[in-house]
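Notes to accompany the following structure.
Just so it is clear, none of the values below were taken in a lab; they were calculated from the coordinates. From a predicted model like this one, the values you see are computed outputs, not experimental measurements. Using ideal geometry, Cβ is built from the backbone for each residue, glycine included, and neighbour counts are taken over all protein chains shown.
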Amino acid sequence: MTRRKRYSVEFKREAIRHANEEGVTDVLVAEELGINARQLRRWREAIRQDGDKAFPGEGNAKDQELMLLKRKLAKVEQERDFLKEAAAYFAKESK
């Protein structure tokens, strides 16, 4: 049997903050972070019910770093895709 992953309080709160941004879905954030969207919704519900007292357990600082790196990678990939589309558009326009 596999052990359950434990995430830091900061990781959970940052994941919820990112999921609450405009134009971002729970599924997208969950995929970026490598977690289940249902887990993200449970964290949001815990924060809604308990506020600052949610998530009393300990987590790893490594989780926080991993989450930030995944978010940065996703942003860079979006920028890359946008630039590809723009280059294709302007190449088509110049013909």
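The rows are residues; the columns are (1) on the phi > 0 side of the Ramachandran plot; (2) in a helix (DSSP H, G or I); (3) within 16 Å of the chain's Cα centre (by Cα); (4) not acidic (Asp, Glu).
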residue	(1), (2), (3), (4)
Arg13	no, yes, yes, yes
His18	no, yes, yes, yes
Arg38	no, yes, yes, yes
Gln49	no, yes, no, yes
Phe55	yes, no, no, yes
Leu73	no, yes, yes, yes
Leu83	no, yes, no, yes
Ala86	no, yes, no, yes
Phe90	no, yes, no, yes
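Of the residues that sit in the stretch 22-36 and are touching a helix residue (DSSP H, G or I) at 6+ places or on another chain (Cβ under 9 Å) and outside any helix (DSSP H, G or I), which one is surrounded by the most Cβ atoms within 10 Å (Cβ to Cβ)? Give the derivation first.
At the first step, the residues of the stretch 22-36 found to be touching a helix residue (DSSP H, G or I) at 6+ places or on another chain (Cβ under 9 Å) are 24-36.
The next check asks that each one be outside any helix (DSSP H, G or I); those that pass are 24-25, 34-36.
Numbers: Val24: 12, Thr25: 12, Gly34: 10, Ile35: 19, Asn36: 13.
Only one residue fits best here, namely Ile35.
For the stretch 12-31, the count of residues that are in contact with a Gly (Cβ under 9 Å, 6 or more places away or on another chain) and either among the basic types (Lys, Arg) or in contact (Cβ under 8 Å) with a residue 24 or more places away in the chain (or both) is at least one.
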